[in-house]
1. Could you grab me the full set of residues in segment 218-233 that are surrounded by fewer than 24 Cβ atoms within 10 Å (Cβ to Cβ), touching a residue at least 24 places away in the same chain (Cβ under 8 Å) and not β-branched (Val, Ile, Thr)?
2. Just give me the residues in segment 77-136 being outside any loop (DSSP other than H, G, I, E, B), farther than 23 Å from Leu218 by Cα and polar (S, T, N, Q), in sequence order.
3. Do you know which residues across segment 279-297 are away from the ligand (no atom under 16 Å from the Cβ), of a type in the set (A, V, I, L, M, F, W, C) and either touching a strand residue (DSSP E or B) at 6+ places or on another chain (Cβ under 7 Å) or over 23 Å from Val318 (Cβ atoms) (or both)?
4. Out of everything in segment 263-278 that is surrounded by 16 or more Cβ atoms within 10 Å (Cβ to Cβ) and among the small types (Gly, Ala, Ser), what residue ends up being nearest to the ligand (Cβ to nearest atom)?
5. What residue, among those in segment 172-187 that are more than 8 Å from the ligand (Cβ to nearest atom) and in contact (Cβ under 8 Å) with a residue 24 or more places away in the chain, is farthest from Gly150 (Cα to Cα)?
6. So which strands (runs of 3 or more DSSP E) are wholly in segment 140-258 and hold at least 3 residues that are at pLDDT 95 or above and under 30 Å from Asp70 (Cα atoms)?
Amino acid sequence: MSEDTMRAVTIREFGGPDVLIVEQVARPEPLPTEVLVRVHAAGINPVDWKTRAGQGMAGLQTFPAILGWDVSGVVEEVGFGVTTLAPGDEVYALPWFPRPAGAYAEFVTAPSRHFARKPASIGHIEAAALPLAALTAWQALVDTAGVQAGQRVLVHAAAGGVGHLAVQFARHLGAEVVATASESKHAWLKELGADQVIDYTRQRFEDVAGEVDVVIDLVGAHDDTDARSVSVTRRGGLVVSIPGGVSERLASVARSAGVRTSAFLVEPDAGALTTIGGLVDSGVVRVEVERVFALEQVAEAHRVGEGGRTRGKLVLDVAV
Ligand SMILES: NC(=O)c1ccc[n+]([C@@H]2O[C@H](COP(=O)([O-])OP(=O)(O)OC[C@H]3O[C@@H](n4cnc5c(N)ncnc54)[C@H](OP(=O)(O)O)[C@@H]3O)[C@@H](O)[C@H]2O)c1
């Protein structure tokens with residue numbers, strides 16, 4: 001193939017998984033302060049399929065659009081002014097978010113300081129599973145909620161991409177962790193550090209969770225999970241509502257109960273990725289990749305992800 005082109009997954013309209021097409025497109029070039037990264041693997045996130053379907057970050061796309069934000073790869077070329085990375089460096093990132101990053105492709109360009117060094121103890125597949133999910137968990141727990149040792153934290157959808165990392169980060173911060181997940185995932189979540197796991201399909205979590213200081217809500221308004229979370233949160237505690245912001249119903253229930261709420265949107269943060277990489281390399285945190293797909297299998301990957309039962313993460317292997 002020509003040096004000017006690359007393989008990428010594009011969409012030319014919003015719709016179901018079949019709008020995803022693998023084709024040759026122009027290879028991007030780094031501007032001053034940017035790096036060109038050869039993508040080895042791209043993580044898949046719910047925002048990818050929401051955007052593909054015309055929701056999520058759809059309003060920021062222009063066609064043909066290349067989806068995807070999570071990248072792990074190798075620096076191929078650096079633009080003028082870049083002094084902290086060089087060709088050959090292994091890096092990972094959540095570049096540009098929420099603007100398009102075009103991660104479902106063989107190359108991406110982004111500001112060099114969006115990238116952190118890839119944790120040395122894991123490969124590109126595992127590293128690509130981390131950025132968006134891990135930054136969400138980290139920023140929600142540390143920056144938004146300021147979780148302290150000794151607090152109790154409830155993580156909804158603890159078995160998913162964000163949740164399984166939130167459980168481990170909360171535990172690392174010294175919190176007691178209560179998690180919701182279906183039963184087949186309980187033993188694994190306990191291994192990751194959950195103190196109490198609730199099968200939300202059999203029990204109402206508010207009947208057994210006890211009182212918590214912070215709720216990391218990764219389910220949202222479905223089944224009224226966000227508003228029901230208020231009843232387990234102490235007065236002055238916080239519900240971080242991650243999927244769709246703070247609904248009017250959540251705001252009103254929380255106001256009456258004296259519980260604080262926060263909307264949340266993850267942000268690129270290479271500094272936090274360096275911290276998270278250190279936790280991975282020291283064995284404190286591990287990332288679970290349930291399935292790996294070739295670029296050509298991207299539609300199947302979206303179908304699986306949209307099923308909503310993923311344990312950990314799904315990743316595209318862009319190098320095959
Ligand atoms: N605002 C932001 O910046 C931001 C960032 C990241 C993610 N998000 C959003 O947060 C949500 C979670 O993201 P994710 O990447 O973690 O998703 P994911 O990996 O697709 O989540 C899958 C998991 O959700 C669990 N689950 C589904 N319904 C549940 C329920 N009612 N109670 C408890 N667990 C349930 C499933 O466990 P079982 O099979 O056991 O049911 C499965 O393990 C998505 O809506 C995503 O768009 C927002």
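1. Gly220, Ala221, Asp224, Ala227, Arg228, Ser231
2. Passing the criteria: Thr109, Ser112.
3. Leu279, Val284, Ala294, Leu295
4. Ala272
5. Ala179
6. Correct list: 152-155, 176-180, 212-217, 233-241.
So that you can scan it fast, the table gives a plain yes or no per residue for (1) in contact with a Phe, Trp or Tyr (Cβ under 9 Å, 6 or more places away or on another chain); (2) closer than 17 Å to Gln151 by Cα; (3) among the hydrophobic types (A, V, I, L, M, F, W, C):
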residue	(1), (2), (3)
Leu218	no, no, yes
Ser247	no, no, no
Ala254	no, no, yes
Pro268	yes, no, no
Thr275	yes, no, no
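The rows are residues; the columns are (1) touching a strand residue (DSSP E or B) at 6+ places or on another chain (Cβ under 8 Å); (2) of a type in the set (Val, Ile, Thr); (3) closer than 22 Å to Ser182 by Cβ.
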position	(1), (2), (3)
Gly210	yes, no, yes
Asp224	no, no, yes
Thr233	yes, yes, no
Val246	yes, yes, no
Ser256	no, no, no
Val259	yes, yes, no
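The values are calculated or read from the model by the stated rules, or taken from the named source; none is laboratory data. On a predicted model such as this, the values are computed, not experimentally measured, just so you know. Every residue, glycine among them, receives a Cβ derived from its backbone with ideal geometry; neighbour counts consider all protein chains shown.
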